[in-house]
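Below is one structure, written out as structure tokens, with a few remarks after it.
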Amino acid sequence: MNSSNIEFTRYQPEYGLELVKMWRQSFQEAMNLEKHNRFEELEGQLDYFSSIDLQSILVAIDQSNSRIVAFRVLNSSELDHLYVDVDYQGLGLGSALLDGAKQNSPEGLELYTFQKNLRAQQFYESHGFFEVQRGFADSSTNPWAKSKEDLADIKYRWVPDEHLSDI
């Protein structure tokens, strides 16, 4: 895999199914979950993408095989999602998507990640994010959770150096 073959583009509805499958695989890997693609869950996640502003979604496509390999959802100063295909992790795609989000949010960014996802915590902390709160994600949007501990999350914040004194 070569990151020079990657093109970043805005989301199109026809990317939906492939994007959701990649998202699920990446999430399942990060959270150490059973690998599956149950239709009812796929359908709900496809509905999610049709319900948000398509301009908030940026995808990375490997031009050598037309495969969606990463995406982010950025709503103003909140990074709602950032996922990279498990086969493409470590190539700098997540960093590129995150750097672009920072440029589009000059006052700072906030995001949530699960406490179980140690790799995501290390990634965000290595990019200047710091923990501001611990809590629990909404159980109604997390059907995979088997216990309250599965829902434990961390809120992170990043602020540009010139705004650090405002904290």
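The values are calculated or read from the model by the stated rules, or taken from the named source; none is laboratory data. None of these values were measured; they are calculated from a predicted model. Here the Cβ positions follow ideal geometry from the backbone for every residue, glycine too, while neighbour counts run over all protein chains shown. Remember, those area values only see protein heavy atoms, side chains included, never the ligands or the DNA or RNA. Shrake-Rupley method; radii C 1.70, N 1.55, O 1.52, S 1.80 Å.
Within region 109-119, identify whether any single residue is among the hydrophobic types (A, V, I, L, M, F, W, C), surrounded by 13 or more Cβ atoms within 10 Å (Cβ to Cβ) and touching a residue at least 60 places away in the same chain (Cβ under 8 Å), and answer yes or no. Please lay out each step first, then the result.
Just the residues of region 109-119 that are among the hydrophobic types (A, V, I, L, M, F, W, C), to begin with: 109, 111, 114, 118.
With surrounded by 13 or more Cβ atoms within 10 Å (Cβ to Cβ) added as a condition, the list becomes 109, 111, 114.
Those left that are additionally touching a residue at least 60 places away in the same chain (Cβ under 8 Å): 114.
Checked region 109-119: at least one residue is among the hydrophobic types (A, V, I, L, M, F, W, C), surrounded by 13 or more Cβ atoms within 10 Å (Cβ to Cβ) and touching a residue at least 60 places away in the same chain (Cβ under 8 Å).
Listed here are the residues, each with its yes/no results for (1) part of a helix (DSSP H, G or I); (2) within 12 Å of the chain's Cα centre (by Cα).
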{"position": "8", "(1), (2)": "no, no"}
{"position": "18", "(1), (2)": "yes, no"}
{"position": "24", "(1), (2)": "yes, yes"}
{"position": "34", "(1), (2)": "no, no"}
{"position": "47", "(1), (2)": "yes, no"}
{"position": "55", "(1), (2)": "yes, no"}
{"position": "58", "(1), (2)": "no, yes"}
{"position": "73", "(1), (2)": "no, yes"}
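Quick one: residue 155 ticks every box in (1) open to solvent by 20 Å² or more (accessible area, probe 1.4 Å); (2) within 24 Å of residue 19 (Cβ to Cβ); (3) not in a loop (DSSP other than H, G, I, E, B) bar one, so which box is it?
Result: residue 155 passes all but (2).
Kindly indicate whether any position in region 130-149 is touching a residue at least 12 places away in the same chain (Cβ under 8 Å), buried (at least 18 other Cβ atoms within 10 Å of the Cβ) and not in a strand (DSSP E or B).
no
Does region 93-106 hold any residues that are surrounded by fewer than 14 Cβ atoms within 10 Å (Cβ to Cβ) and not polar (S, T, N, Q), and which are they?
99, 106 - these are the residues of region 93-106 that are surrounded by fewer than 14 Cβ atoms within 10 Å (Cβ to Cβ) and not polar (S, T, N, Q).
Since residue 160 meets every condition but one in (1) within 20 Å of residue 25 (Cβ to Cβ); (2) at pLDDT below 95, which condition does it not meet?
(1)
Would you say residue 77 is surrounded by 11 or more Cβ atoms within 10 Å (Cβ to Cβ), out of contact with any Phe, Trp or Tyr (no Cβ under 8 Å at 6 or more places or on another chain), among the hydroxyl-bearing types (Ser, Thr, Tyr) and over 24 Å from residue 13 (Cβ atoms)?
yes
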